[in-house]
Every structure is written in C-alpha cells, then in structure tokens.
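Okay, structure first, notes after.
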Amino acid sequence: MTSLETSMALMRKRYVTALESAQAGGALALSQRVGELKRAGYLIGDMWRITKSGARVKAYRILKEPKPN
C-alpha cells in the first residue's frame with residue numbers, strides 16, 4: 001500500500017490531520033495530496049482542529065469518491 005493509499009484509507013473513516021497521516025505511514029504533504037484528489041473528482045471535507053498547544057491545523061475526510069468510468 002502506498003502512502004497515498006494509506007492516507008485515503010484513513011480519510012474514508014474519519015477526519016485526519018497531516019501529522020496523523022504521517023504517523024500512520026501515509027502522505028507527509030497531506031494538503032498537496034488532498035488537492036490532487038479534488039482535481040481527480042473526489043469530494044473532500046475539511047475542518048479546523050485546535051491542538052492541545054492551541055495551534056490550528058486542518059483535518060480532511062473523503063466524503064464522496066468519483067464514479068468509475
């Protein structure tokens with residue numbers, strides 16, 4: 001399984017931050033991969049999360065996948 005596939009599997013289940021993706025062996029530049037998925041027809045939800053230290057980070061989730069051709 002590639003790092004993108006790992007990240008996608010996580011994002012199908014729940015909202016995932018870039019750090020969570022990297023820790024699970026997924027994509028390191030999650031926002032870049034999300035952009036690629038959007039251009040490929042995926043509907044991606046995003047939300048801001050506040051960390052324990054007060055930092056705001058984006059979390060992403062796959063809401064709908066494109067129809068196969």
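The values are calculated or read from the model by the stated rules, or taken from the named source; none is laboratory data. Computed from a predicted model, the values in this text were never measured in an experiment. No Cβ is skipped: glycine too gets one built from the backbone with ideal geometry, and neighbour counts run over all protein chains shown. Only protein heavy atoms, including side chains, enter the accessible area calculation; ligands, DNA and RNA are left aside. Shrake-Rupley method; radii C 1.70, N 1.55, O 1.52, S 1.80 Å.
Among 14-22, 47-55, the peptide with the highest mean count of other Cβ atoms within 10 Å heads the list, and the full ranking is 14-22, 47-55.
Quick check on the chain: helices-only [θ] at 222 nm, where DSSP H runs of length 4 and up contribute -39,500 (n - 2.57) each and the sum goes over total residues. Nearest 500, please.
Taken over the chain, the calculation gives -11000 deg cm²/dmol.
Shape call for the chain from the C-alpha gyration tensor, a ≥ b ≥ c root eigenvalues: rounded (a/c under 1.5), prolate (a/b greater than b/c) or oblate? Cα axes put the chain in the prolate bin.
Given +1 on the Cβ of Lys and Arg, -1 on the Cβ of Asp and Glu, and no further charges, what dipole in debye does the chain carry about its Cα centre, rounded to the nearest 20? Please list the in-between numbers first.
On the way: 13 positive and 5 negative charges, 53 e Å.
Value, rounded to 20: 260 debye.
Order these peptides, 5-13, 32-40, by their mean beta-carbon neighbour count within 10 angstrom, highest first.
Numbers: 5-13: 17.1, 32-40: 14.1.
Top to bottom by mean Cβ count within 10 Å: 5-13, 32-40.
For the chain, the solvent-accessible area works out to 69 Å² per residue, with a probe of 1.4 Å and every protein chain left in place. With respect to the chain, whose longest principal axis is taken over its alpha-carbon atoms, helix 30-39 is tilted by about 30°. I'd like the orientation of helix 3-13 relative to the chain: the angle between its Cα long axis and the longest Cα principal axis, in ° from 0 to 90, rounded to 10. On a 0 to 90 degree scale, this one is about 80.
Shown for the chain: lysine pairs separated by 8 or more places, or found on different chains, whose C-alpha atoms are under 26 Å apart, numbering 8.
For the chain, what % of the accessible area comes from carbon and sulfur atoms, probe 1.4 Å?
After summing per-atom areas, the C and S share lands at 54 percent.
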